[in-house]
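Everything below concerns the one structure shown next.
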Amino acid sequence: MSPRQDRITGATLSLIPNSFPLAGQWAVLNARQEHRFLAAVQVIDQMSPDRRSALMSRIRATNTQPEMAVRRMLHGLGYRYILHVKRLPGRPDLVFPSRHKVIFIYGCFWHGHSCGRGFRPKTNGTFWAEKLDRNKERDEEQIRELKGLGWQVLTVWECEVRGYEMSRLEQRLVGFLDT
Ligand SMILES: [Zn+2]
């Protein structure tokens with residue numbers, strides 16, 4: 001089967017071969033990180049349900065690569081922010097107190113983006129569906145709470161940061177922060 005194009009990032013998607021647990025899904029396989037990502041999913045997939053839950057309840061990704069890229073970009077543009085404010089719902093990645101705005105940088109897989117990386121593994125389907133549904137519900141609830149407290153919220157997806165159109169992301173960030 002020939003590769004196809006991710007409609008959001010423009011990245012080339014390949015069909016995962018049969019020997020992988022995620023066989024039949026489309027993913028970006030040409031980058032080293034994608035290989036590592038798939039390997040990690042494979043490892044989690046093979047754990048017992050108890051171990052899997054224990055591991056994943058501890059996962060709280062901060063200082064991820066996409067997050068660092070957004071921070072570098074905003075810092076370069078002259079914006080100053082506070083990181084991972086624990087007293088706010090969802091512990092937002094970037095907080096701009098005087099503007100009353102927060103930014104979340106979401107991993108496409110864990111937060112269920114509608115791009116190529118937001119796929120759901122077929123093995124252990126129920127486990128993943130429950131886990132990823134719960135993540136999405138939690139995200140929505142935290143954003144609702146923040147808005148209720150008077151904060152404006154912007155969500156940046158990992159694929160926007162990895163994509164080739166960084167200038168578009170920059171426009172989106174500046175548009176959010178300056179209006
Ligand atoms: Zn995405």
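The values are calculated or read from the model by the stated rules, or taken from the named source; none is laboratory data. Keep in mind the model is a prediction, meaning the values are calculated, not measured. Using ideal geometry, Cβ is built from the backbone for each residue, glycine included, and neighbour counts are taken over all protein chains shown.
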Exercise for the section: May I ask you to verify whether V161 is out of contact with any Cys (no Cβ under 6 Å at 6 or more places or on another chain) and away from the ligand (no atom under 16 Å from the Cβ)? Expected result: no
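What tally of residues in region 93-112 results from selecting those that are under 19 Å from E170 (Cβ atoms) and either polar (S, T, N, Q) or near the ligand (Cβ under 9 Å from one of its atoms) (or both)?
Counting residues in region 93-112 that are under 19 Å from E170 (Cβ atoms) and either polar (S, T, N, Q) or near the ligand (Cβ under 9 Å from one of its atoms) (or both) gives 1.
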Handout entry: Filter pass, T155 being among the hydroxyl-bearing types (S, T, Y) and within 16 Å of the chain's Cα centre (by Cα)
Key = yes
Problem - Filter result for the condition that a residue is within 16 Å of the ligand (Cβ to nearest atom) and over 21 Å from D50 (Cβ atoms), over R168, R144 - result: R168
Fill in the blank from the handout: Listed by first then second residue, the pairs whose first member lies in region 64-91 and is within 23 Å of E141 (Cβ to Cβ), whose partner is of a type in the set (K, R), with beta carbons under 6 Å and at least 6 positions apart or on separate chains, are H84/R91
Practice task
For region 123-131, state whether one or more residues are among the aliphatic types (A, V, I, L, M) and touching a residue at least 12 places away in the same chain (Cβ under 8 Å).
Solution key: no
Practice task
Just give me the residues in region 113-123 being away from the ligand (no atom under 11 Å from the Cβ) and crowded, with 19+ Cβ neighbours inside 10 Å, in sequence order.
Solution key: P121
Practice task
Write out, first by first residue and then by second, each pair whose Cβ atoms fall under 6 Å of each other, whose residues are 6+ apart or on separate chains, and whose first residue, in region 154-165, is hydrophobic (A, V, I, L, M, F, W, C) while the second is near the ligand (Cβ under 9 Å from one of its atoms) and modelled with pLDDT of 85 or more.
Solution key: W157/Y106; W157/C108; W157/H113; C159/C108; C159/C115
